[in-house]
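A short worksheet on the structure shown next.
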2 protein chains.
Amino acid sequence: MDPKPLLDCFKKYISLTNEEELLLLSKVTYRKYLKSQYIVQQGDICKFTGFIISGCTKTFYMDDGGQEHIILFAIEDWWTSDLGSFIAQSPADFNVQCIENTELIQFSFDAIEELFIEIPKLERFFRKIVERAFVSTQKRIVRNFSLTAKEQYVQFKNMYPTIEQRVPQYMIASYLGITKEFLSKIKSQLLLE
Amino acid sequence: MDPKPLLDCFKKYISLTNEEELLLLSKVTYRKYLKSQYIVQQGDICKFTGFIISGCTKTFYMDDGGQEHIILFAIEDWWTSDLGSFIAQSPADFNVQCIENTELIQFSFDAIEELFIEIPKLERFFRKIVERAFVSTQKRIVRNFSLTAKEQYVQFKNMYPTIEQRVPQYMIASYLGITKEFLSKIKSQLLLE
DNA sequence: AGTAAATGTTAACCTACATTAACATAATTT
DNA sequence: AAATTATGTTAATGTAGGTTAACATTTACT
């Protein structure tokens, strides 16, 4: 395993000594998942928060009618988990499933609590990561309320061009909160413009 | 000013010594706003994050068509700001306006950065606060996608009965992402059931 | 108390998007 | 290569919620 992408991510917000880096890496686990495997399942306790080295995941909620609602895609250099379940060690609301073969570096709940004690500045790092996640989630609510489905799709393509290439259309429709049929219609409308 | 509610809030997540409490309180400012005053205005840099001692605020986005989209209400014991603007010290996407006369304890960006250095465990506190905010925002996206407007309104009433009493209906409609006319229809339907 | 402003209701009509269903095409598996 | 399985498209019809507009009620101001 090459921990460089992970350490680079930490470097964006805090600086770690060599010893701190080694301590940190001694407490994480590297893991590969295959396409379609679940990292977290709705109802289970989310035991890990993970940093993606390669691959792509979707975080989704299965409603009572059996419909999938994707709330997040994650690719290389992103963090993924069911944070609500992880922080409270309570049953997960969401599933996290691999859309591609995915390599992760995982932090268990206990490991991360130990690390917070041993390297307090990690609190700062994770505070900043969560702040950014919060802000982007809030912006998503705004887009949801103030844009039409077509506008949202265009913004999504511009914001996440790689993801738009990598994941099937019907998942993008689910992320946007519309049906695949309607997204198909939007796409054909955009071609005519 | 009585700082007890603020200190109690900190106590839920971390413990502070007497000196730490005094240091913290020496760096905050107490401020009163009148109903309808703005704490943050879209486009300005959000200079403070605030803890509400009394009163009620709404955080909203004004879209290009001049329509208000409320993304958050906040009452006593809650934190309020445009976090995206505050953390990046960049122009605010949102307005924060008082719905009632409101008393706040405000933390300036500089004060909070100093406090993080002087009392590192505050990083932990704010990490936890933001984690919770993130989780509740994510849950809101789920509700948005998987519930009808009527179901969302019923949940809102159950989750925030005080807020439902205190703010005008048309603001609740805006929070739910529907028109006041449609909320009115929903309410009359609920009366018949 | 009287007037203006803010808030809430009702009803007719409209639109963005959902549903259903049939079909087309691409990607995997055998 | 054939056969599944996953993904994408088109079109008819249905519905949740929007828009407009007129009116009712409450609250705030002079």
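The values are calculated or read from the model by the stated rules, or taken from the named source; none is laboratory data. These numbers come from a predicted model, not from an experiment. Don't worry about glycine lacking a Cβ; one is built from the backbone with ideal geometry, like all the others, and counts go over all protein chains shown. What goes into the accessible areas is simple: the full protein's heavy atoms, side chains included, and nothing from ligands, DNA or RNA. Shrake-Rupley method; radii C 1.70, N 1.55, O 1.52, S 1.80 Å.
Helix A:109-118 against the longest principal axis of chain A: what's the angle in degrees, Cα atoms only, rounded to the nearest 10? That works out to roughly 50 degrees. Converting phi to 3J(HN,Hα) with the Karplus coefficients 6.51, -1.76 and 1.60 and the offset θ = phi - 60°, the range A:74-91 yields 9, 10, 2, 6, 10, 9, 9, 4, 9, 4, x, 5, 5, 6, 9, 6, 10, x Hz in sequence order, with x at every glycine or proline. Around the amide H of A:I39, modelled in the peptide plane, lie the amide H atoms of A:V96, A:Q97, A:C98, all under 5 Å away and 5 or more residues distant in sequence or on another chain.
Evaluated at q = 0.07, 0.09, 0.11, 0.15 Å⁻¹, the base-10 log of the normalised Debye intensity for the protein assembly as shown, with identical point scatterers placed on the Cα atoms, takes the values -0.35, -0.58, -0.88, -1.54.
About the Cα centre, and with charges only on the beta carbon of Lys, Arg (+1) and Asp, Glu (-1), how big is the dipole of the range B:147-193? Nearest 20 debye, please. Spell out each step's value before the answer.
Details: 6 positive and 4 negative charges, 19 e Å.
Dipole size: approximately 100 debye.
Helical runs assigned H by DSSP (4 residues or longer) give the protein assembly as shown a calculated mean residue ellipticity at 222 nm of -15000 deg cm²/dmol, each run adding -39500 (n - 2.57) before division by the residue total.
Ranked from largest, the principal axis spans of the Cα set of the range A:147-193 equal 23, 19, 19 Å. Chain B contacts chain A over a buried accessible area of about 3300 Å², both sides summed; the probe is 1.4 Å and only protein chains count. Evaluated with a Cβ-only charge set (Lys, Arg +1; Asp, Glu -1), chain A carries a dipole of roughly 680 debye about its Cα centre, given to the nearest 20.
For B:E164, the label point sits 7 Å beyond Cα toward Cβ; its separations from the matching points on the remaining copies run 4.0 nm, from shortest to longest.
Apolar share of the accessible surface for the range A:18-77: 48 percent from carbon plus sulfur atoms, 1.4 Å probe.
Note on chain B: GNM, Cα springs under 10 Å; of B:K121, B:K139, B:K27, the largest mean-square fluctuation is that of B:K139.
Position B:S136: other-copy label points at 2.3 nm, ordered by increasing distance, label point 7 Å along Cα→C-beta. Heavy atoms of the protein chains alone define the surface here; on that basis the range A:147-193 has 61 Å² accessible area per residue at 1.4 Å probe size. In the range A:147-193, the portion of solvent-accessible area held by carbon and sulfur atoms comes to 59 percent [1.4 Å probe, whole percent, DNA, RNA and ligands not counted].
Could you tally the net charge around B:K12, taking each other residue with its Cβ under 14 Å from the Cβ of B:K12, Lys/Arg +1 and Asp/Glu -1?
My count for the surroundings of B:K12 gives +4.
For A:L72, nonlocal amide neighbours, meaning residues 5 or more places apart or on other chains whose placed amide H falls under 5 Å from its own, are A:T59.
Can you tell me the relative contact order of chain B? Whole percent, Cα pairs under 8 Å, sequence separation 6 or more. Once normalised by length, the contact order is 23 percent. Across the range B:54-67, rounded Karplus estimates of 3J(HN,Hα) from the backbone phi angles (6.51 cos²θ - 1.76 cosθ + 1.60, θ = phi - 60°) give 7, x, 7, 10, 10, 10, 9, 10, 9, 7, 4, x, x, 8 Hz, Gly and Pro being marked x. Set Lys and Arg Cβ to +1 and Asp and Glu Cβ to -1, take the dipole of the protein assembly as shown about its Cα centre, and tell me which of A:P168, B:M1, B:I53 lies farthest positive. It is A:P168.
Is the range B:1-149 rounded, prolate or oblate when judged by the Cα gyration tensor, a ≥ b ≥ c being the square roots of its eigenvalues, rounded requiring a/c under 1.5 and prolate requiring a/b larger than b/c? Mind dumping the intermediate values first?
Details: a/c = 1.77, a/b = 1.50, b/c = 1.18.
It is prolate, given that a/c is not under 1.5 and a/b is the larger ratio.
Within the range A:105-139, the residues that become at least 30 Å² less accessible when every protein chain is included than when their own chain is isolated (1.4 Å probe; DNA, RNA and ligands ignored) are A:E113, A:E123, A:R124, A:R127, A:V130, A:E131, A:F134, A:V135, A:T137, A:Q138, A:K139.
Counting only alpha carbon atoms, the long axis of helix A:121-146 and the longest principal axis of chain A meet at about 10°. Taken as Cα centroids, the range B:71-130 and the range B:174-193 sit 32 Å apart, rounded to the nearest whole angstrom.
Whole-Hz Karplus values for the range B:181-187 come out as 4, 6, 4, 4, 4, 4, 4 Hz, taken residue by residue from phi with 6.51 cos²θ - 1.76 cosθ + 1.60 and θ = phi - 60°; glycine and proline positions read x. Largest mean-square fluctuation among B:Y38, B:Y61, B:Y13, in a Gaussian network model of chain B whose springs join Cα atoms under 10 Å apart, belongs to B:Y13. Protein heavy-atom accessible surface, 1.4 Å probe, per residue over the range A:4-133: 45 Å².
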